[in-house]
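Structure first, commentary second.
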């Protein structure tokens, strides 16, 4: 889930794919938690993912902000609409946020936290940290999946579903680091990824361990009662495993295909539900 890319000719397609897959995965968790699809919230997720990723991709060059005020100005510069399309998209997001969804405060706080990714201040340099960057991205995506939890009554909360959402922190971390492996063919000035810092082989071994942990934990918490569900689940595991070991051979313009895994995972949860 890397936030940056250089090939502008594929950025739009990548962000559209990512936003659709993110919405699909989120809506599947709404179905698991609430037994219904929250269309307005799903639309908010899709539009917000596209808006945030597209704006962050246009502001890769980051200079350190000496004060909090300068950091706030940086956030405004990054996310302020820069075209008529941006303005229309942001307007629609705000309309959904304030008039149609049930937890506007939750989403506002999450957007505020995500915006910190765009700044670099002496005590907070997320993008420049090899471990901090994937951890931050994974945490943000996990909180997206946890949102339906805050719309159900306490006595209806199922611990298994909460654990299923939480273990996706591992899943998002894996995707983030896999995408960071592209940095072996290019390096963003001033930034280092885990594969660059510790080596490709070490990173692969670590991700393989995390992938096995995620898959085993998922078998405990996914209500799989059919052999077909197990086959589908294992197929997704094998797909991610393939990207893990062959990502260096995948061209830069095709790395966004790993985000399709989000959509397939969401499809699995719909089938399970």
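Rule-based calculations on the coordinates, nothing more; no lab input. As the structure is a prediction and not an experimental result, all values here were calculated from the model. Positions of Cβ are backbone-derived with ideal geometry, glycine not excepted, and every protein chain shown enters the neighbour counts.
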* Asked: Given 0.36 nm per residue, what is the gain on full extension from residue 106 to residue 220 after removing their alpha carbon distance, in nm?
  -> 38.2 nm
* **Fewest-first ranking of 86, 180, using other Cβ atoms within 10 Å as the exposure measure** => 86, 180
* Structure fact -> Here the FRET efficiency for residue 213 versus residue 245, based on Cβ atoms and R0 = 30 Å and rounded to 0.05, is 0.95
* Structure fact -> Inverse of <1/r> over all distinct C-alpha pairs of segment 126-170, i.e. the Kirkwood Rh in Å, gives 11.7
